[in-house]
Amino acid sequence: MRNLFLSFVGILFISASLNAQSYKTTYTFQKNTYGAAAVQVPYDDNVVTEAVKDYMTGKGYKDAHYKDFIIFRSVPLDNGSTGYSDAYFNITRKSRSEKDITIITLLPVKKDATLSLATEEDSSFVSKSVVFLDSMIHHIHHYSITQQIQVQQKALDKTSAKLISLKNDSGDIAKKIRNYESELAKNKIDQTKQTQLISSTATGDQDALAKAHKKMDKLMDNQADYEKKLRNYHADLDTNTKDRAAQQTLFERESQSLEALKQRHLTMTQ
């Protein structure tokens, strides 16, 4: 029930973030303050960076880098616009404690100008930049959740493979235990027979007695070896059982996380 609740909360959260709108803000760079547009999204900054690049390169723009910015040049900020600007994106996590929340800031700069000086003309593009960021939001969500699904699926596959390996190991250990228990039972029967042989051997037949005792010693050594191996394999089986239980719990938790992500993705596409 708790996992279902968390999944429901996650869906509400992603639904709310889908409706989140960009806003006007300012950005300080090299002691200059620039008008900018910004939006907050609930994903890791590295994933968001790739999402922005994917969106812009899909539109035919090539990325360049300057300081903390990713730049796409000659971008029309609104449909049908005859004016172009260079789009300076700064993408960073909101804070150290909020690693999965990223702020995308867009600084519009006059085409082929530099960021060293702010102008009134630059500031006039801010409102268009807000609309431009809003047009990207759906793609960013779609790309980011898709990436999360892929990462979570890989994690689940890895966990599943380890769980299968542990189950196979459990079967192998159980087989070894059965084999050594069989060997130990046979050894005890052989010891009983050897004891009877020693008792029936004439006292004066020293060679026969020596051989009989030597064989008994070997049987007793084998018994100790079998018992030691059985203790070790039983310990291994206990450890394997605990590991399988932990891995099963992890598998179920990761399966639920993957399903929650798929539900988020479904909610986003509806």
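Rounded to the nearest whole Å², what accessible area per residue is found for the chain with the 1.4 Å probe? Please list the in-between numbers first.
Numbers: 16400 Å² over 270 residues.
Counting only protein heavy atoms, the per-residue value for the chain is 61 Å².
Can you give me the long-range amide H partners of Phe29? Hydrogens built in the peptide plane at 1.01 Å from N, cutoff under 5 Å, separation of 5 or more residues or another chain.
Residues meeting the amide H criterion: Tyr34.
Residues with amide H under 5 Å of Ser22's amide H, sequence separation 5 or more or different chain, H placed in the peptide plane at 1.01 Å from N; which?
Sorted by chain and number, the residues that satisfy this are Asp134.
Could you tell me which of the pairs Lys176/Lys228; Lys24/Lys67; Lys158/Lys228; Lys94/Lys154 are separated by over 24 angstrom between their Cα atoms in the structure shown? Present the calculation step by step, with values, prior to reporting the outcome.
On the way: Lys176/Lys228 13 Å; Lys24/Lys67 22 Å; Lys158/Lys228 34 Å; Lys94/Lys154 27 Å.
Distance filter (> 24 Å) returns Lys158/Lys228; Lys94/Lys154.
If you place +1 on the Cβ of every Lys and Arg, -1 on the Cβ of every Asp and Glu, and leave all else neutral, what size is the dipole of the chain about its Cα centre, to the nearest 20 Debye? Please list the in-between numbers first.
Working: 37 positive and 33 negative charges, 100 e Å.
Magnitude of the dipole: close to 480 debye.
Output the DSSP H helices from the chain with an along-axis C-alpha extent of no less than 20 Å and a mean Kyte-Doolittle hydropathy no less than 0.0.
Numbers: long enough: 2-18 (24 Å, 1.64); 126-200 (108 Å, -0.55); 206-269 (92 Å, -1.30).
Membrane-span-like by this rule: 2-18.
Which order do His142, His65 take when ranked by solvent-accessible area (1.4 Å probe, heavy atoms of all protein chains), largest first?
Details: His142 70, His65 120 Å².
Per-residue accessible area, sorted high to low, gives His65, His142.
Quick one, what does Rg over Rh come out to for the stretch 223-268 if you take C-alpha atoms and the Kirkwood Rh?
Values: Rg = 19.7 Å, Rh = 13.3 Å.
We get a ratio of 1.48 for the stretch 223-268.
Report the relative contact order of the stretch 135-241, percent, no decimals, based on alpha-carbon pairs under 8 angstrom and at least 6 residues apart.
On the way: 42 pairs, mean separation 39.2, N = 107.
Relative contact order here is 37 percent.
Taking the Cα centre of each part, how many Å lie between the stretch 231-270 and the stretch 159-207?
The distance from the Cα centre of the stretch 231-270 to that of the stretch 159-207 comes to 36 Å.
So what's the back-of-envelope 222 nm ellipticity for the chain, counting only DSSP H runs of four-plus at -39500 (n - 2.57) apiece and dividing by all residues, rounded to 500?
Roughly -23500 deg cm²/dmol at 222 nm, from the helical runs in the chain.
How big is Rg to Rh over the chain, alpha-carbon atoms, Rh as the Kirkwood inverse-mean-distance radius? Provide the component values of the computation, followed by the final result.
Numbers: Rg = 35.1 Å, Rh = 24.5 Å.
With Rg and the Kirkwood Rh in hand, the quotient comes to 1.43.
Please report the net charge: other residues with Cβ closer than 11 Å to the Cβ of Lys62, K and R +1, D and E -1. Present the calculation step by step, with values, prior to reporting the outcome.
Working: positive: Lys53, Lys59, Arg73; negative: Asp63.
After counting each charged neighbour, the total is +2.
Pop out the ³J(HN,Hα) list for the stretch 70-77 in order, Karplus 6.51 cos²θ - 1.76 cosθ + 1.60 with θ = phi - 60°, rounded to Hz; leave Gly and Pro as x.
Each residue's phi maps through the Karplus curve to give 9, 10, 10, 9, 6, 9, x, 7 Hz.
Taking K and R as +1 and D and E as -1, what net charge do the other residues with C-beta under 10 Å from the C-beta of Gln152 add up to? Let's see the in-between values first.
Working: positive: Lys154, Lys262; negative: Asp157, Glu254, Glu259.
Here the charged neighbours net out to -1.
The values are calculated or read from the model by the stated rules, or taken from the named source; none is laboratory data. Given the structure is predicted, the values throughout are model-derived calculations rather than measurements. Cβ atoms come from the backbone with ideal geometry, glycine included; neighbour counts cover every protein chain shown. Ligands, DNA and RNA are excluded from the accessible area calculation, which covers all protein heavy atoms including side chains. Shrake-Rupley method; radii C 1.70, N 1.55, O 1.52, S 1.80 Å.
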